[in-house]
Structures are given as C-alpha cells and as structure tokens.
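Participant: Take this structure, written in structure tokens, and hold onto it; I'll ask about it next.
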Amino acid sequence: MDMTDGFADEGRELCDAIQACWPEAHVSRSALGETTWSLAPDTLLSVARILQADSRFSFEQLMDVTAVDYLAYGKEDWVTEMATATGFSRARGEGHQDPAVRPRLDGRFEVVYHLLSVSRNERLRLKVFLPPEGPPLVPSLTGIWASADWFEREVFDLFGILFDGHPDLRRILTDYGFIGHPFRKDFPLSGEVEVRYDPESGRVVYEPVSITPRTLVPRVIRNDARYPSTGPGKKEPSHD
Amino acid sequence: MTDIQSYTMNFGPQHPAAHGVLRLVLEMDGEVIRKVDPHIGLLHRATEKLAESKPFNQSIGYMDRLDYVSMMANEHAYVLAIERLLGIEIPVRARYIRVLFDELTRITNHLLWLGSHALDIGAMSVFLYAFREREDIMDMYEAVSGARLHATYYRPGGVHADLPDRMPQHGPSRWRSKREQAERNRNRAGSLIDFIRDFTKRLPGRVDEFENLLTDNRIWKQRTVGIGVVSPERALQLGFSGPMLRGSGVAWDLRRTRPYEVYPDLEFEIPVGRAGDCYDRYLVRIEEMRQSNRIVSQCLDWLVAHPGPVILDDYKIAPPPRTVMKHDMEALIHHFKLFTEGYTVPAGETYAAVEHPKGEFGIYLVSDGANKPYRLKIRAAGFAHLAALDEMARGHMIPDLVAIIGTQDIVFGEIDR
C-alpha cells in the first residue's frame, strides 16, 4: 500500500523535535509511520500545553480521546498452534492468558489521545498508562483543547476513568441512572439489566438480563508464519 | 412591571427537526437561547464493544450502520485500519472502485443533508428533488452490493465484487404503462458504469437547480447568513473537521493533505468558506458535490480502460472464488476457516482516518494478534460537531437552533455509535 511507502519518513522530524525538547521522552515510531509518546499522568498537562502552543509542534486539534482496558489482552478461548502459508493447525485445548504479552504488567487502563497539527500536517498519539494503585485519574485537557470536553465525558462514562479538572464530568452515552462502565473488559457484552414494559405496574421495569452469554466464534491467537515478529504470536509451537 | 424569567425547555427526542434522537435541554431567556445541553446516547448500541466479540470481517456491516447516510465511507476507514495492520496492498482497480463509491457516497450524503436542511428551514421542494437524485445512487449501491443502504461492499484486501456488466432494470408494473417503464429503463440498458456515467452528466444541471432554489433566495439567506458563526481558531479548538472546518476558512481535507487510495492521481478542488456561518457551509457542500462528480467521472474513465482483479489473491484474507473451491481442497479449507474463525491480525495499533462526507472519520484499532479486534474506537466527526452546539447556538433563537442543527449535518448512528 502506498500509504506505508509514503510514511517512510513520516514523523521522524517530530520525534527528533520531541526528543530535543524532552530528552527523557519515550517516543516511538511504528512501521506505519505513526508516532506514539507514552507518558505519565502527572506530566500530561504540561506536555500538552507546550504541544498545543509551541510553534515547533502546534497541535491545534485534539481529534480523539479514548481508553484501552488491558485486562484481557492476549487472552484466547482456545489454544492453537500455528498457521502457515498453506494450512492451519487444530486447536489443542482450553485457552489461557499469557501474562508476558501485556504491554505493562502493572495497571490496567491506558488513555489514548490523538492530536493533529493542521499547520504542520502531523499526527501524534499520546498514551497515558494509569498506575495500578489509587483511583483511575488523569488531568483533564479541557483547558487546552475545547474538544476534550465530550471526549473525556465519554471515556468517563464507558471506562470509569476520572478527569481531574473537568468542568462537567457526567455520563453521556449510557442510559439515565446506568450503573457500571460498559467498555471495561469485565463488563458482560449482554449487559447487566434489561428493560420491558410491565402491564401490571403500568410502567417500564428493569430486570437482570435473561440472556446467557455464549461465544459464537472463539477468540484465537495464531502463530502466523507470515508475521514472524508479532508480539503474542511469538509463542513457541510445542508438539505434545 | 413584570420580569421575564428564564425557563427550561425540552426539545426532542421526537422532534422532526432533531434529526433522529437528539434531546436538547434548552435554557431560554424569552426567545433567546442561553444554554443548550444536548442529551445523546439514545441510539447507543456499543458498536465498539460488539466488534470486540466478532471476527474482523463480521463488523464491516456494523460500520454501515454508524453513519447510515454515508455507508461506504464508514466501511472504508475500518478496512483501511485492518489492511494497515495486516500490511497488505490491494489491487489498483479496487482502490479506484473505493474512491468511486466514496465520492458517490459523498454526493448521496450531501443530497440528504441538503434536502433535510432545507426542509427544516421551510423549503419543501428541495427535499423532493434531492431524493429523486439520491434514488439513483441507491440503485448503484444495490447493483454493486445487493443492498440499497447497508452495502458491506468494502473488504480487507479490496472490494467484494467487480462492477456488474448489466444494470438491473425496472420490471413491469400495473401502475405504469409500457412507455413509462421503457422511459425508466432508458439509462439502464448498459452496464453499471454506463448508468453512473449518465448520472454524472445529469448531476451538475441538477445541482444548478438546487442552487436556483436556494443560493440567492432571500428567505434562505435570512435564515442562514450570520447564523452559527465559528471562527477558524474556534473551529480548530472544537475539533471540527470536514465541511464544518472548511466552512470556517481552514483549507484541510484528508484527501489532499494525507492522501489515501488513489486521490493523488485525481483532479479536484477543495472549496473553502470565509464567514464560517451556515450559508458558507452550505456553499462548501454544494461545491463538494460538483467536485465529487468530477472525481467520479475520472474514476469511470480509468475503470473502463483498466480491467483487473478487485480483491487480493490471498485466501488467508479474501475468500477463494467458488469455481476454484470446486476442485481445490486447500481453497475449500481456507473458505471454511475464513468464515468460521476469520484471520488473525498481527499485534499492534493504528489510527486510520478518511475524509468522510461529514468530516474526519477515524478508526483506532488495537490488535493483540487474535482473530477479533482487541479494541476498536470509532472517531465520529459528528460527535465533536454536536459538542459545539452549545457554543454555536448561544444568543440565537429557536428557529436558528434548527438551522444550526441542520448545518452540522449530524446523524445519530455515528454520534451515539
């Protein structure tokens, strides 16, 4: 795809500029030319302020804020062996989660920001990994980018991550009076409650769900021969 | 002397001008809006969570249902994200077909936007004319994918099928004479390409007709000029994209600035507004229809001259053709595995964005190497636009609020996801 070709140099200048400004910064460029910077929650606010205002970066737009829950990362329903260029192996047994494949062993949530610089035509992804202890709390960026308002409300609603300094941190997408944070990996796909109209009491009532959760397609991670270097796929095929 | 007190008013969610299921809690000072608090989420289906529970290909259909008036543009961002993680290169013909349908989708989106926006402000006839043209694009969708709305046509590796050689025709009907039937089938005698070509010749004249009705219309200008003004600085602050950003005078279009597919090889211009009001955004979208029409005819010229494959020849990702499966055991196994288990995507993350008719539509995809996405985040343009409704509507009156909702071109399928 020409997008990957065109991205050979994409972001290199940006990486250098960040390294020059913050020598400690943990910046990386993926093979696709996407620049990612992982940083701690306490440095986020000062970094974001400079990224927005400084003419070396001038990220005028915050395009997206989201979160990732790493609780079930690398977890499979079935253990499989490999896939080669010509065939597939059979599943061997019950799945498990390899703890080594998680990007960070401590903590669970990561807040992801996508920045866009219109004047410099550049994108940057900021990732803030929340520490395991204490409440899930990151500083709010509403003071720097106005668009952060609803994006942060959505992350709060769906993941239960708190944004310190947000002027109006209410739920946004879920129902009035909703309990729980539905996009966490330990929240069931079918939800906790269902609603129906009850003719006896003459109103809508909430009840525990009657759906039994089931897996239609098992989740499998194959050691695909075409991608030798991929993370969790690196597990050795054993022949027991 | 009596004081006029401010009061709270509820708008929607069943209001015809609320474009679906928007509920607004308005704080009014007489006729003047002091504060708008949109309550969204009435159409929240947790698409992102559903996608985590399914193999990659089974979620393409969900993408159609996000912004349900520009279906294929949504699919595009999703398949681009998968393709980038897989590191695959798709056939050139498939890229042209994707661009062709992206631009047809842009036209159909803007037609629906124009019709409903004008209807909200009180111009009934534009709605009827806009839907007449839109119907032809629905027929193109149907010819190529079998569905008028939810196409599921783009696949990782290309598109599902090549453009058909024969355009489906209207059958006999007891409500229409033979002559009327023949007239309706006049431009359907040839292939789909001929049908689209006929459409591209007709469209500029039809856009002129819309402009005749609106552009210099005194009532239309009274309702849109100077309404919902957003400065370029605020537009950037508020995360605007697409026509909302260009209407404020920021020349930013992903098709030019961060080109994908074959946009670098095509000729088109990016219209930019000046005042940042509803009228300028109207002009921008009208001109975008004309430019999309140009792109469509360029794609048609290329597609006629360059036959070829439209999907990757890799049975791990794209299903093998039926004829091959009849005699090749490996192909049959691949077909079975592809439709039961799907393919695994190498671990990693990517953000793929396309210039959707409404703005930047992005997919942030995190894979842990499994056959299902680990996390899928949909960046919908309308979400950021609606968030700015409060700022845009303050100080205006309720009829202006309706004009601002219309100019934002919001669709709740993508905002609530």
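The values are calculated or read from the model by the stated rules, or taken from the named source; none is laboratory data. Only a predicted model underlies this, so the values are computations on that prediction, with no experimental measurement involved. FYI the Cβ positions are ideal-geometry reconstructions off the backbone, even for glycines, and counts take in every protein chain you see. We work out accessible area using only protein heavy atoms, side chains counted, and drop any ligands, DNA or RNA first. Shrake-Rupley method; radii C 1.70, N 1.55, O 1.52, S 1.80 Å.
Participant: Just how far, in whole angstrom, is region B:94-162 from region B:261-325 if you go by their alpha carbon centroids?
Facilitator: Centre-to-centre distance over Cα atoms comes out at 12 Å.
Participant: Measure out, as a whole number of angstrom, how far apart the alpha-carbon centroids of region A:174-218 and region B:375-417 sit.
Facilitator: Measuring centre to centre over Cα atoms gives 28 Å.
Participant: Counting each pair of different Cα atoms once, what's the Kirkwood radius of the protein assembly as shown in Å, rounded to one decimal? Show your work: numbers first, answer last.
Facilitator: Working: mean 1/r = 0.0379 Å⁻¹.
Hydrodynamic radius (Kirkwood, Cα only) of the protein assembly as shown equals 26.4 Å.
Participant: So if I place +1 on the C-beta of Lys and Arg and -1 on the C-beta of Asp and Glu, and nothing else carries charge, what would the dipole magnitude of region B:70-169 be about its Cα centre? I want it in debye, nearest 20.
Facilitator: Details: 10 positive and 13 negative charges, 33 e Å.
Roughly 160 debye, rounded to the nearest 20.
Participant: Let me ask something else. For the protein assembly as shown, which whole percent of the accessible surface, found with a 1.4 angstrom probe, sits on carbon and sulfur atoms? Let's see the in-between values first.
Facilitator: Details: 14640 of 27360 Å².
So the carbon and sulfur contribution to the accessible surface is 54 percent.
Participant: Taking 0.36 nm per residue of separation and subtracting the Cα-Cα distance, what length does fully extending residue B:256 through residue B:229 add? Intermediate values should be presented prior to the final figure.
Facilitator: On the way: separation 27, 0.36 × 27 = 9.72 nm, distance 2.56 nm.
Between residue B:256 and residue B:229, full extension yields an extra 7.2 nm.
Participant: Next up: Find the accessible area per residue for the protein assembly as shown; the probe is 1.4 Å, ligands and nucleic acids are left out, and the unit is Å².
Facilitator: Values: 27360 Å² over 657 residues.
So the protein assembly as shown comes to 42 Å² accessible per residue, rounded to a whole number.
Participant: Another question about this same structure. Express in whole angstrom the spacing between the alpha-carbon centres of region A:137-171 and region B:32-92.
Facilitator: Each part's Cα centre sits 22 Å from the other's.
Participant: Let me ask you something else. How long are the semi-axes of the equivalent ellipsoid of region B:276-396, taking √(5λ) for every eigenvalue λ of the Cα gyration tensor, in whole Å from largest down? Let's see the in-between values first.
Facilitator: Details: eigenvalues 331, 125, 19 Å².
Values for region B:276-396, descending: 41, 25, 10 Å.
Participant: Here's something else I'd like to know. Roughly how many debye, to the nearest 20, is the charge dipole of the protein assembly as shown about its Cα centre, given +1 on each Lys and Arg Cβ, -1 on each Asp and Glu Cβ, and no other charges?
Facilitator: Numbers: 79 positive and 94 negative charges, 308 e Å.
Roughly 1480 debye, rounded to the nearest 20.
Participant: Determine the calculated [θ] at 222 nm for the protein assembly as shown from helices alone, applying -39500 (n - 2.57) to every DSSP H run no shorter than 4 residues and normalising by the residue count; nearest 500 deg cm²/dmol. Write down the numbers at each step before the final one.
Facilitator: Working: 22 runs with 243 residues, N = 657.
For the protein assembly as shown, the value works out to -11000 deg cm²/dmol.
Participant: Using a 1.4 Å probe and counting only protein heavy atoms, how much accessible surface gets buried when A and B come together, both sides summed, in Å² to the nearest 100? Display every interim value, and only then the final one.
Facilitator: Values: alone 15150 and 18420 Å², together 27360 Å².
What A and B bury together is about 6200 Å².
Participant: Hey, another quick one. Sequence gap at least 6, Cα distance under 8 Å: using those rules, report the relative contact order of region B:138-193 to the nearest whole percent. Please list the in-between numbers first.
Facilitator: Details: 58 pairs, mean separation 17.3, N = 56.
Here the relative contact order equals 31 percent.
Participant: If the only charges are +1 at each Lys and Arg Cβ and -1 at each Asp and Glu Cβ, what is the size of the charge dipole of chain B around the Cα centre, to the nearest 20 debye? Numbers along the way, then the final one.
Facilitator: Numbers: 52 positive and 56 negative charges, 184 e Å.
Rounded to the nearest 20 debye, it is 880 debye.
Participant: Sorted by accessible area (1.4 Å probe), largest first, how do B:385, B:306 line up?
Facilitator: B:306, B:385
Participant: With point charges of +1 on the Cβ of Lys and Arg and -1 on the Cβ of Asp and Glu, referenced to the Cα centre of the protein assembly as shown, which listed residue (B:164, B:122, B:336) lies farthest in the positive direction of the dipole?
Facilitator: In the protein assembly as shown, that residue is B:164.
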